[in-house]
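Submitted below is the structure of interest, expressed as structure tokens.
The values are calculated or read from the model by the stated rules, or taken from the named source; none is laboratory data. Given the structure is predicted, the values throughout are model-derived calculations rather than measurements. When we count neighbours, we look across all protein chains shown, and the Cβ atoms used for this are built from the backbone with ideal geometry, even at glycine.
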Amino acid sequence: MTQFSLDAMDLAALLCSRVCHDVISPVGAIVNGLEVLEEEKDESQRELALELIKKSAETASSRLQFCRLAFGAAGSAGAMIDTGDAERVVRGLFADGKASLDWHVPRVLMAKDKVKLVLNLSLIGMTALPRGGVVSVTIEGGEAATHLQIEAQGTNARLANHVPPLLAGTPESGSVDAHGIQAYYTGLVAKSAGMTLALDAEPNLIRITATPIPATNALESVA
């Protein structure tokens, strides 16, 4: 299938839409909580409103920190990122969901694109568990990160039908919308990191593996 190419402006716009979608709900909840504080005199209701504001602010902050590292520049070209920072933002993201995180990643400085790939694959793993479960993240090869693996295990674990072709850069519809941009972007990040993605599905288990693109394939892609 012919490789799909998305205009840079469209890519930026769709990623912005995705980020806004992720934070609009907790920000809206903060606004609602503040309105209750302004109008409500009952102390118990005010306490509930304060709790809502606190929880929603934490959720918004966690999502923004994750998006900054997963989608943002996070430094100049060739920058290295501490995998400890990556773990922190992923755990913050998972704190608000049904799935738990099992992190098997050495604390090292790692190439920016590989860290972004781990973050985006972790998010895909989390969304593959509608009823909750465990997302296991494993990186082998130290700083070189020669083998990345994300396993999402839980009841009815599955990837949405549009995700595999988007990861491969070949959307079935021939277009990408804000709903699918994160999966498409993940495929772009994998290519930029010199990695190829492989998907494997078993009952209640989704496995995504990233390994270095073979040298011959890498030369062909450059050509």
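Which residue is farthest from the chain's Cα centre (by Cα), if the candidates are limited to region 106-133 and must be over 13 Å from ALA86 (Cα atoms) and buried (at least 16 other Cβ atoms within 10 Å of the Cβ)? Break it down into steps so the answer makes sense when it comes.
Going residue by residue through region 106-133, those that are over 13 Å from ALA86 (Cα atoms) are 124-133.
Imposing the further condition that a residue be buried (at least 16 other Cβ atoms within 10 Å of the Cβ) reduces the set to 124-129, 133.
Values: ILE124: 6, GLY125: 8, MET126: 8, THR127: 9, ALA128: 12, LEU129: 14, GLY133: 17 Å.
So the residue we want is GLY133.
Here are some conditions: (1) modelled with pLDDT under 95; (2) assigned to a helix (DSSP H, G or I); (3) surrounded by 16 or more Cβ atoms within 10 Å (Cβ to Cβ). GLU143 meets all but one. Which one does it not meet?
Here GLU143 clears every test but (3).
Just a yes or no: is a residue in region 146-165 touching a His at 6+ places or on another chain (Cβ under 9 Å), under 18 Å from PHE66 (Cβ atoms) and outside any loop (DSSP other than H, G, I, E, B)?
No, the conditions are met nowhere in region 146-165.
I want to confirm something. Restricting to region 1-14 and keeping residues that are in contact (Cβ under 8 Å) with a residue 40 or more places away in the chain and assigned to a loop (DSSP other than H, G, I, E, B), which single residue is surrounded by the fewest Cβ atoms within 10 Å (Cβ to Cβ)?
Among those that are in contact (Cβ under 8 Å) with a residue 40 or more places away in the chain and assigned to a loop (DSSP other than H, G, I, E, B), it is THR2.
Of (1) closer than 23 Å to GLU87 by Cα; (2) of a type in the set (Asp, Glu); (3) out of contact with any Ser or Thr (no Cβ under 6 Å at 6 or more places or on another chain), GLU151 satisfies all except one. Which?
(3)
Ok, one more. Inspect all residues belonging to region 182-195 and state whether any of them is out of contact with any Phe, Trp or Tyr (no Cβ under 8 Å at 6 or more places or on another chain), assigned to a strand (DSSP E or B) and free of Cβ contacts under 8 Å to residues at least 60 places away in the same chain.
No, region 182-195 contains no residue that is out of contact with any Phe, Trp or Tyr (no Cβ under 8 Å at 6 or more places or on another chain), assigned to a strand (DSSP E or B) and free of Cβ contacts under 8 Å to residues at least 60 places away in the same chain.
Condition check ((1) farther than 25 Å from PHE94 by Cα; (2) touching a residue at least 12 places away in the same chain (Cβ under 8 Å); (3) of a type in the set (A, V, I, L, M)) across all residues:
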| residue | (1), (2), (3) |
| --- | --- |
| PRO26 | no, yes, no |
| ILE30 | no, yes, yes |
| LEU34 | yes, yes, yes |
| LEU37 | yes, yes, yes |
| GLU47 | yes, no, no |
| LYS54 | no, no, no |
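Right, something else. Specify the residue that is nearest to the chain's Cα centre (by Cα); the eligible residues are those in region 1-51 that are within 23 Å of TYR185 (Cβ to Cβ) and among the acidic types (Asp, Glu). Lay out the reasoning, then the answer.
At the first step, the residues of region 1-51 found to be within 23 Å of TYR185 (Cβ to Cβ) are 1-27.
In the following step, the residues that additionally are among the acidic types (Asp, Glu) were identified as 7, 10, 22.
On the way: ASP7: 21, ASP10: 19, ASP22: 11 Å.
The selected residue is ASP22.
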